[in-house]
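Encoded as structure tokens, the structure appears first; notes follow it.
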Amino acid sequence: MQVYFAPLACSAATRIALYEAGATADFVYVDIHTRPGERLLADGSDYRAINPMGQVPAIRTSSGEVITENPVVLQYVADLHPHAQLAPAGGMERYRLQQWLNFIATELHKGTYIPLLDRRSPDGAKAFARQKLALRFGYLSQQLAARPFLLGYFSVADAYLITVLNWSPYAGIDLAQWPQIEAYAQALKQRPAVARALAEETAAYAREMNH
């Protein structure tokens, strides 16, 4: 399986999930940072021939199928490695997982962090995102006060959430305002698979910036 990734992008969640499962993949670098308008692979080819949206992650399965969109990719990885118990097999718990994946994708990733991180984002978009911080992070904090992980045990939703929360210093979000979230993030960063994945992603980002 090939995983198309960009250092410290949301594709880091896929790396975390794979390491949690004791698995790996062929990680294929996509440049979304130094030349964002081009979306080039290391060999100079256009990544948009694989994913027309130009976004990471995308995976190419062993049968040649390409899967995109982070919540879907994460569920595929979890289902590929059921022994790791990174996603409920079905029933209401599976819907709860999808609920969290969608919350992270829409309310946090796209609705909060992207407007605050993107230099091209207008001031109005940044202000709107900040206006929603209390609601979104308040809800998340309340949920985490009752359990150590989003579903009560580590799942791909946690892999996605810690990836997004890791962007907080660059987005100007001080997690100390929400002690439950800050404690959750600190605890997850000590988790071996998370620590390994984020260390590798950080090193890859440093190499990219110094290239």
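The values are calculated or read from the model by the stated rules, or taken from the named source; none is laboratory data. What you see is a predicted model, and the numbers here were worked out from it, not measured in a lab. Methodologically, a virtual Cβ is constructed for each residue, glycine included, from the backbone with ideal geometry; neighbour enumeration extends over all protein chains shown.
For region 16-35, taking the residues that are farther than 16 Å from Thr61 by Cα and of a type in the set (D, E, K, R), the one that is surrounded by the fewest Cβ atoms within 10 Å (Cβ to Cβ) is identified as Arg35.
Here Ser62 clears all of (1) more than 30 Å from Gly172 (Cβ to Cβ); (2) outside the structural domain of Leu140 (by TED's automatic domain parsing); (3) at pLDDT 95 or above except the condition numbered (3). Would you mind stating whether Leu151 is in contact with a helix residue (DSSP H, G or I) (Cβ under 9 Å, 6 or more places away or on another chain), over 28 Å from Tyr29 (Cβ atoms) and touching a residue at least 60 places away in the same chain (Cβ under 8 Å)? When the stated conditions are applied, Leu151 passes them.
Residues in region 175-197 that are in a helix (DSSP H, G or I) and farther than 16 Å from Ala12 by Cα: 11 in all. Taken over region 148-174, the criterion of being hydroxyl-bearing (Ser, Thr, Tyr), part of a helix (DSSP H, G or I) and either on the phi > 0 side of the Ramachandran plot or surrounded by 14 or more Cβ atoms within 10 Å (Cβ to Cβ) (or both) is satisfied by Tyr160, Thr163, Ser168.
For first residues located in region 71-89 and at negative phi, partners that are of a type in the set (Lys, Arg) and assigned to a helix (DSSP H, G or I) and lie 6+ apart or on another chain with Cβ distances below 9 Å form the pairs Gln75/Arg94; Ala87/Arg94; Pro88/Arg94; Pro88/Arg96.
This table checks each residue for (1) assigned to a helix (DSSP H, G or I); (2) surrounded by 16 or more Cβ atoms within 10 Å (Cβ to Cβ); (3) at pLDDT below 95.
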| residue | (1), (2), (3) |
| --- | --- |
| Gly54 | no, yes, no |
| Pro88 | no, yes, no |
| Glu107 | yes, yes, no |
| Arg119 | no, no, yes |
| Gly124 | yes, no, no |
| Ala146 | no, no, yes |
